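Only one structure is covered here, and it is reproduced in the block below.
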Amino acid sequence: MTPFELNAVHRHAFRFSQADVEAFARVTGDDNPLHLDAEFASQTPFKRPIIHGMLGASVFTKVLGTEFPGHGSVYLKQTLEFLRPMFVDADYEAVFTVISTNPEKHTAEVSTEIKDRQTGKLTTRGVATLMYKKG
């Protein structure tokens with residue numbers, strides 16, 4: 001028996017602050033003004049600073065490692081597509097759907113999506129492959 005079944009869905013609501021973006025920039029060294037400088041960003045098609053795509057996608061590792069399936073899982077692979085910008089202080093929902101499992105190897109593929117809760121539009125999508133703790 002796996003800790004989650006085929007087609008199981010898990011949802012996680014979240015948001016990032018400007019302080020989160022600044023901390024991510026410090027940790028990664030990605031100080032692109034598109035993320036940090038409102039004046040610079042106002043001259044781009046986005047009109048305001050956007051969150052680093054990888055900061056947004058970091059919610060995937062948080063949830064897969066702590067909630068679904070949780071502690072003991074090991075990330076093996078993640079594909080990502082950044083479809084729309086994400087902004088600070090906006091509400092998002094990460095949606096996880098189990099799309100395949102291999103009980104013999106204790107691995108699974110999980111669809112990973114981020115949706116803007118206001119518009120319902122996808123901002124980020126991909127597929128995670130992970131090894132889950134033997135049940």
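The values are calculated or read from the model by the stated rules, or taken from the named source; none is laboratory data. Quick caveat: nothing in here was measured; it's all calculated off a predicted structure. Counting neighbours? That spans all protein chains shown, and the Cβs are built from the backbone with ideal geometry, glycine included. In case anyone asks, the SASA skips ligands and DNA or RNA and just uses the protein heavy atoms, side chains included. Shrake-Rupley method; radii C 1.70, N 1.55, O 1.52, S 1.80 Å.
Once the Cα atoms are used to define both axes, helix 53-66 deviates from the longest principal axis of the chain by about 30 degrees.
Within the chain, the percentage of alpha carbon pairs spaced more than 21 angstrom apart rounds to 44%.
Taking the Cα centre of the chain as reference, the dipole from Cβ charges on Lys and Arg (+1) and Asp and Glu (-1) amounts to some 320 debye.
In the elastic network of the chain, a GNM with C-alpha springs shorter than 10 Å, the most mobile of 64, 36, 76 is 76. Helix-only mean residue ellipticity at 222 nm, the chain, DSSP H runs n ≥ 4 weighted -39,500 (n - 2.57), per residue, nearest 500. What is it? Per the formula, -6500 deg cm²/dmol. Computed on region 1-128, with alpha-carbon pairs under 8 angstrom and 6+ residues apart, the relative contact order is 29 percent.
Between residue 78 and 129, the built amide H atoms are under 5 Å apart, and every one of these is 5 or more places off in sequence or on another chain. Averaging 1/r over each pair of different alpha-carbon atoms in region 1-45 and inverting the result gives 13.7 Å, the Kirkwood hydrodynamic radius. Here the Karplus relation 6.51 cos²θ - 1.76 cosθ + 1.60, evaluated at θ = phi - 60°, turns the backbone of region 68-75 into coupling constants of 9, x, x, 3, x, 7, 10, 6 Hz, with x for every Gly and Pro.
In this structure region 29-101 gives 53 Å² per residue of accessible area when probed at 1.4 Å with all protein chains present. Qualifying trypsin sites (Lys or Arg not before Pro) in region 1-43, where qualification requires a DSSP coil assignment and no more than 16 other C-beta atoms within 10 Å, comprise 15.
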